[in-house]
Number of protein chains: 2
Amino acid sequence: MKNYILLNENAVYYECGFSCDNVIYLKLGSENYYITDARYSTEAKEYAKNAMVVESSDLIKSAQEIISKTKIKKLNFDPNDFKLSFYEKLTADLKTDFIAKENFSKLKRAVKTDKEIEILRKASQIGKAGFKQLAKYIKKNGYNLSEKQLHFKAIEKMSNFGKYELSFDPIVAINENAAKPHALPTNKKLKLNNLILVDAGVKYKRYCSDRTCTANANFEKFNFNREQKFKNKKHQKIYDVVYKAQLNAIEKARVGMKASKVDQLTRDIITKAGFGEYFVHSTGHGVGLDIHEFPTINSKSDVIIEENMVFTIEPGIYLPDEFGVRIEDTVVMKNGRVEIL
Amino acid sequence: MKNYILLNENAVYYECGFSCDNVIYLKLGSENYYITDARYSTEAKEYAKNAMVVESSDLIKSAQEIISKTKIKKLNFDPNDFKLSFYEKLTADLKTDFIAKENFSKLKRAVKTDKEIEILRKASQIGKAGFKQLAKYIKKNGYNLSEKQLHFKAIEKMSNFGKYELSFDPIVAINENAAKPHALPTNKKLKLNNLILVDAGVKYKRYCSDRTCTANANFEKFNFNREQKFKNKKHQKIYDVVYKAQLNAIEKARVGMKASKVDQLTRDIITKAGFGEYFVHSTGHGVGLDIHEFPTINSKSDVIIEENMVFTIEPGIYLPDEFGVRIEDTVVMKNGRVEIL
């Protein structure tokens, strides 16, 4: 793509290795422009690679001037990236055609470079260390703490006391709250042999980790390992089905498969066990600078899985008013197969 | 305004007392519709007042059907609230005219009800208690902690260990980092008699608090009181100017004044002291469900200050590469004058 405009922080970071919350990035042929205000221009000049930094108190006006000068006729943009008000101001007096290309930046970021994969691997390692610290805390102090308190502790442990940013607000849910895939933490307290679900991730060099563990609250042996012994037999039964579904996709997914086929690898196991209607979301999503990228691993996606794609495999079963189980890892396609990050 | 459409969570909450992150709210004459998906419809039915809840897996399609049926000709919307892609999908096959009214929800929320003011007062009290706890922590453990670690502690104390949501990501900045109004926390460590700036707030019943304290890092007596004794004389001098500027606006602002006049009340003091060029932002902003609402208190605003408006008064002086001072309170106009919340 020769000419395009970007506003999204991660999309801009991908282009030039620097970003901030007030930027218009223009690629006009071989020239790149990083338009920002005085708060960020000094750092932009130091860090933004292969881009001319334009300091401006009116970013839209500066962008219009630059676009007009180049006389380019067509400029690609992502309509998900633009507020209507911004779009109307920017395009008001320009003769350039704005061509809507949904998600074009995310699409080109679906296949990662080896360098990106190393960063994502490190992010996952930090995330796993956070889960370990949280497990240690729950083992020692977890009994009778509310979801809200555990949610706060999840932030503390995952971020390593603020050292790392989080990929997203963690989910901490006990028993029937875990039956809601996007549960908000409540005052519900953790009791012996409850089921607890934690979905959390951290950022390392701006790249996200993403992982979900479901565990039995046996305080003497509490851990977030994949092998779990639940006191409650139904917990164990559902857990075993979900885990089997996840392992099936991890073992059998291949480069060259359609994403829908990877989805089927988890869904078939759950459906055959009789719980298909309770697996209410897709099998996974790409992970990178954004927590939700491409490929989308669902039943409708014709996207072909490629080497160096990074995505989650996260089947789940949610029994309303009872409990839910989700098991999630972020994986990379390497040598044609799945490798867990 | 008879007919309008809202997407923003806080705007929707203001209408009906309930909100979620996937909603289209329609006011069509005397009928109100809360369109959402299956994750939220049960709670919406319980909590959304005076609105018909429509459960849908395709919110845009459901909105189109409802709008078409009513045959209304003009529908108001906020173009800041709509992504271009959403706008285009929604309006594609509708005959209704969409009338852009920027910020119409925020504008009507500028003057608070007494009930809202009580909630905002409570939010401010919780915020102040958080600052006290943070001060206590710094007094005991603060020496040699980095901005990042202090930033994490600010989250812990302000949120009361996760009990309250924060209004925004707190700012914790030491010496020259405090010279950046929107500093990000670094590995810089707090040393004896450094200057430390903390800008933080919490949410209570979804309403925000907002406060900034600048303090001298004398660990024996550390506090976030307004009366501060700085070891460094230049710190003290600048602090005294900013505090005088803030007090001037608190004492003299009146209902019936233009917002620009309130801005002048702080700016004049700073300008007369010779630091006008280092007061690089406006005097304040409205506070409510959103952390930035109306009125905007800057040099250009002709808005008339009204009884029951709630806004910040937050002058600052930022000396590049040296340090910065900001002092901020959230206030309400009561009986024609300023009352600090």
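The values are calculated or read from the model by the stated rules, or taken from the named source; none is laboratory data. The shown structure was predicted, so the numbers you read here are calculated from the model rather than taken from an experiment. Glycine also receives a Cβ, built like all others from the backbone with ideal geometry; neighbour counts cover every protein chain displayed. SASA here: full protein model, heavy atoms, side chains in, ligands and nucleic acids out. Shrake-Rupley method; radii C 1.70, N 1.55, O 1.52, S 1.80 Å.
Given (1) closer than 23 Å to A:Asn225 by Cβ; (2) modelled with pLDDT under 95, where does A:His281 come up short, assuming only one miss?
Exception for A:His281: condition (1).
Is it true that some residue in the stretch B:110-131 is touching a Pro at 6+ places or on another chain (Cβ under 8 Å) and either more than 11 Å from chain A (Cβ to nearest Cβ) or open to solvent by 10 Å² or more (accessible area, probe 1.4 Å) (or both)? Outline the logic, then answer.
Filtering the stretch B:110-131 for residues touching a Pro at 6+ places or on another chain (Cβ under 8 Å) gives B:110.
Retained after the next criterion (residues that are either more than 11 Å from chain A (Cβ to nearest Cβ) or open to solvent by 10 Å² or more (accessible area, probe 1.4 Å) (or both)): B:110.
Yes: the stretch B:110-131 contains one or more residues that are touching a Pro at 6+ places or on another chain (Cβ under 8 Å) and either more than 11 Å from chain A (Cβ to nearest Cβ) or open to solvent by 10 Å² or more (accessible area, probe 1.4 Å) (or both).
Are there strands (runs of 3 or more DSSP E) fully within the stretch A:1-55 with at least 2 residues that are closer than 15 Å to A:Leu75 by Cβ and of a type in the set (A, V, I, L, M)? List them.
Filter on the stretch A:1-55 gives A:3-6, A:23-28.
Yes/no per residue for (1) touching a Lys or Arg at 6+ places or on another chain (Cβ under 8 Å); (2) modelled with pLDDT under 95:
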position: B:Lys115; (1), (2): no, no
position: B:Ile126; (1), (2): no, no
position: B:Phe131; (1), (2): yes, no
position: B:Lys139; (1), (2): yes, yes
position: B:Lys153; (1), (2): no, yes
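Scan the stretch B:178-191 residue by residue and report those that are open to solvent by less than 20 Å² (accessible area, probe 1.4 Å), within 13 Å of chain A (Cβ to nearest Cβ) and at pLDDT 90 or above. Break it down into steps so the answer makes sense when it comes.
From the stretch B:178-191, those open to solvent by less than 20 Å² (accessible area, probe 1.4 Å) are B:178-179, B:183, B:190; that's our starting set.
Subset that is within 13 Å of chain A (Cβ to nearest Cβ): B:179, B:183.
Within the stretch B:178-191, just B:Ala179 meets the criteria.
Open to solvent by less than 40 Å² (accessible area, probe 1.4 Å), within 14 Å of chain B (Cβ to nearest Cβ) and without any contact (Cβ under 8 Å) to a residue 60 or more places away in the chain: is that true of A:Leu94 in this structure? So that I can check it myself, show each step before the final result.
On the way: open to solvent by less than 40 Å² (accessible area, probe 1.4 Å): yes; within 14 Å of chain B (Cβ to nearest Cβ): no; without any contact (Cβ under 8 Å) to a residue 60 or more places away in the chain: yes.
Spelling it out, it is not the case that A:Leu94 is open to solvent by less than 40 Å² (accessible area, probe 1.4 Å), within 14 Å of chain B (Cβ to nearest Cβ) and without any contact (Cβ under 8 Å) to a residue 60 or more places away in the chain.
Keeping to the stretch A:86-109, report how many residues are outside any helix (DSSP H, G or I), closer than 15 Å to A:Tyr13 by Cα and among the hydrophobic types (A, V, I, L, M, F, W, C). Full working, then the answer.
So the first thing to find is which residues in the stretch A:86-109 are outside any helix (DSSP H, G or I), and the list is A:92-103, A:109.
Filter once more, keeping what is closer than 15 Å to A:Tyr13 by Cα: A:109.
Pick out the ones that are also among the hydrophobic types (A, V, I, L, M, F, W, C) and you get none.
Number of matching residues: 0.
Quick check on the stretch B:57-85: of everything there that is assigned to a helix (DSSP H, G or I) and in contact (Cβ under 8 Å) with a residue 40 or more places away in the chain, which residue is farthest from the other protein chains (Cβ to nearest Cβ)?
Of everything passing the filter in the stretch B:57-85, B:Thr70 is farthest from the other protein chains (Cβ to nearest Cβ).
I want to confirm something. Restricting to the stretch B:6-49 and keeping residues that are among the small types (Gly, Ala, Ser) and surrounded by fewer than 20 Cβ atoms within 10 Å (Cβ to Cβ), which single residue is farthest from B:Thr91 (Cα to Cα)? Before you say what the answer is, go through the steps one by one.
At the first step, the residues of the stretch B:6-49 found to be among the small types (Gly, Ala, Ser) are B:11, B:17, B:19, B:29-30, B:38, B:41, B:44, B:48.
Next cut, surrounded by fewer than 20 Cβ atoms within 10 Å (Cβ to Cβ) only: B:17, B:29-30, B:38, B:41.
Details: B:Gly17: 27, B:Gly29: 19, B:Ser30: 22, B:Ala38: 24, B:Ser41: 24 Å.
Looking at the filtered set, the residue picked out is B:Gly17.
Might you check whether a residue that is within 29 Å of A:Lys89 (Cβ to Cβ) and either β-branched (Val, Ile, Thr) or modelled with pLDDT of 95 or more (or both) occurs anywhere in the stretch B:51-61?
Yes, there is a match, as at least one residue in the stretch B:51-61 is within 29 Å of A:Lys89 (Cβ to Cβ) and either β-branched (Val, Ile, Thr) or modelled with pLDDT of 95 or more (or both).
Any chance you could count how many residues in the stretch B:224-243 are charged (D, E, K, R) and either crowded, with 16+ Cβ neighbours inside 10 Å or under 27 Å from B:Leu166 (Cβ atoms) (or both)?
Matching residues across the stretch B:224-243 total 2.
Assess whether B:Ser19 counts as being touching a strand residue (DSSP E or B) at 6+ places or on another chain (Cβ under 9 Å), of a type in the set (Gly, Ala, Ser) and within 14 Å of another protein chain (Cβ to nearest Cβ).
yes
Is it the case that the stretch B:133-142 has a residue that's closer than 30 Å to A:Asp81 by Cα, in the same structural domain as B:Thr214 (by TED's automatic domain parsing) and assigned to a loop (DSSP other than H, G, I, E, B)?
No, the stretch B:133-142 contains no residue that is closer than 30 Å to A:Asp81 by Cα, in the same structural domain as B:Thr214 (by TED's automatic domain parsing) and assigned to a loop (DSSP other than H, G, I, E, B).
Residues A:Lys221, A:Lys203, A:Lys139: which one is touching a strand residue (DSSP E or B) at 6+ places or on another chain (Cβ under 8 Å) and either hydrophobic (A, V, I, L, M, F, W, C) or open to solvent by 10 Å² or more (accessible area, probe 1.4 Å) (or both)? Spell out the reasoning first.
Details: A:Lys221 fails: touching a strand residue (DSSP E or B) at 6+ places or on another chain (Cβ under 8 Å); A:Lys139 fails: touching a strand residue (DSSP E or B) at 6+ places or on another chain (Cβ under 8 Å).
Exactly one residue qualifies, and that residue is A:Lys203.
Conditions first: (1) more than 22 Å from B:Asp329 (Cβ to Cβ); (2) free of Cβ contacts under 8 Å to residues at least 60 places away in the same chain; (3) within 14 Å of chain A (Cβ to nearest Cβ). B:Asn144 passes all but one, so which condition is the exception?
Against the list (1) more than 22 Å from B:Asp329 (Cβ to Cβ); (2) free of Cβ contacts under 8 Å to residues at least 60 places away in the same chain; (3) within 14 Å of chain A (Cβ to nearest Cβ), B:Asn144 comes up short only on (3).
Just to check your reading of the model, which residue among B:Lys115, B:Lys83, B:Lys71 is more than 26 Å from A:Ser85 (Cβ to Cβ) and over 22 Å from the mean Cα position of the chain (by Cα)?
Every option except B:Lys71 fails the conditions.
So which residues in the stretch B:50-75 are open to solvent by less than 100 Å² (accessible area, probe 1.4 Å) and hydroxyl-bearing (Ser, Thr, Tyr), if there are any at all?
B:Ser56, B:Ser62, B:Ser68, B:Thr70
Scanning for something assigned by TED's automatic domain parsing to the domain that holds B:Ile119, in a strand (DSSP E or B) and farther than 29 Å from B:Phe104 by Cβ, does the stretch B:307-316 turn up at least one residue? Spell out how you get there, then give the answer.
Residues of the stretch B:307-316 assigned by TED's automatic domain parsing to the domain that holds B:Ile119: B:307-316.
Still in the running and in a strand (DSSP E or B): B:309-313, B:316.
Next cut, farther than 29 Å from B:Phe104 by Cβ only: B:316.
Yes: one or more hits.
Identify, from the list A:Ser159, A:Ser167, the residue that is open to solvent by less than 60 Å² (accessible area, probe 1.4 Å), of a type in the set (S, T, N, Q), closer than 30 Å to A:Leu289 by Cβ and more than 11 Å from every other protein chain (Cβ to nearest Cβ).
Unique residue meeting the criteria: A:Ser167.
Out of (1) open to solvent by 40 Å² or more (accessible area, probe 1.4 Å); (2) within 26 Å of B:Leu341 (Cα to Cα), the odd one out for B:Lys153 is which?
(1)
Only one of A:Glu88, A:Glu102 is within 14 Å of chain B (Cβ to nearest Cβ), touching a strand residue (DSSP E or B) at 6+ places or on another chain (Cβ under 9 Å) and surrounded by fewer than 17 Cβ atoms within 10 Å (Cβ to Cβ). Can you tell me which?
Matching residue, one of A:Glu88, A:Glu102: A:Glu88.
When you look at B:Tyr239, is it in contact (Cβ under 8 Å) with a residue 60 or more places away in the chain, over 18 Å from B:Val332 (Cβ atoms) and away from chain A (no Cβ under 14 Å), yes or no?
Considered against the rule, which asks whether it is in contact (Cβ under 8 Å) with a residue 60 or more places away in the chain, over 18 Å from B:Val332 (Cβ atoms) and away from chain A (no Cβ under 14 Å), B:Tyr239 comes out as yes.
Cβ contacts < 6 Å: first residue assigned by TED's automatic domain parsing to the domain that holds B:Val331, restricted to the stretch B:247-258; second residue open to solvent by 30 Å² or more (accessible area, probe 1.4 Å) and assigned to a helix (DSSP H, G or I), any location; separation 6+ or different chain. Result?
Listed by first residue and then by second, the contacts come to B:Asn248/B:Ile269.
Can you confirm whether B:Thr330 is closer than 24 Å to B:Lys180 by Cα and surrounded by 24 or more Cβ atoms within 10 Å (Cβ to Cβ)? Quick ask: steps written out before the conclusion?
Details: closer than 24 Å to B:Lys180 by Cα: yes; surrounded by 24 or more Cβ atoms within 10 Å (Cβ to Cβ): yes.
Yes.
Per-residue answers, yes or no, for (1) in contact (Cβ under 8 Å) with a residue 12 or more places away in the chain; (2) over 16 Å from A:Lys252 (Cβ atoms); (3) open to solvent by 10 Å² or more (accessible area, probe 1.4 Å); (4) assigned by TED's automatic domain parsing to the domain that holds A:His235:
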residue: A:Leu265; (1), (2), (3), (4): yes, no, yes, yes
residue: A:Gly274; (1), (2), (3), (4): no, yes, yes, yes
residue: A:Ser282; (1), (2), (3), (4): yes, yes, yes, yes
residue: A:Leu289; (1), (2), (3), (4): yes, yes, no, yes
residue: A:Asn298; (1), (2), (3), (4): yes, yes, yes, yes
residue: A:Gly324; (1), (2), (3), (4): yes, yes, no, yes
residue: A:Gly336; (1), (2), (3), (4): yes, no, yes, yes
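Which of the residues belonging to the stretch A:292-326 are under 15 Å from the mean Cα position of the chain (by Cα), closer than 24 Å to A:Asp240 by Cβ and of a type in the set (A, V, I, L, M)?
A:Ile297, A:Ile313
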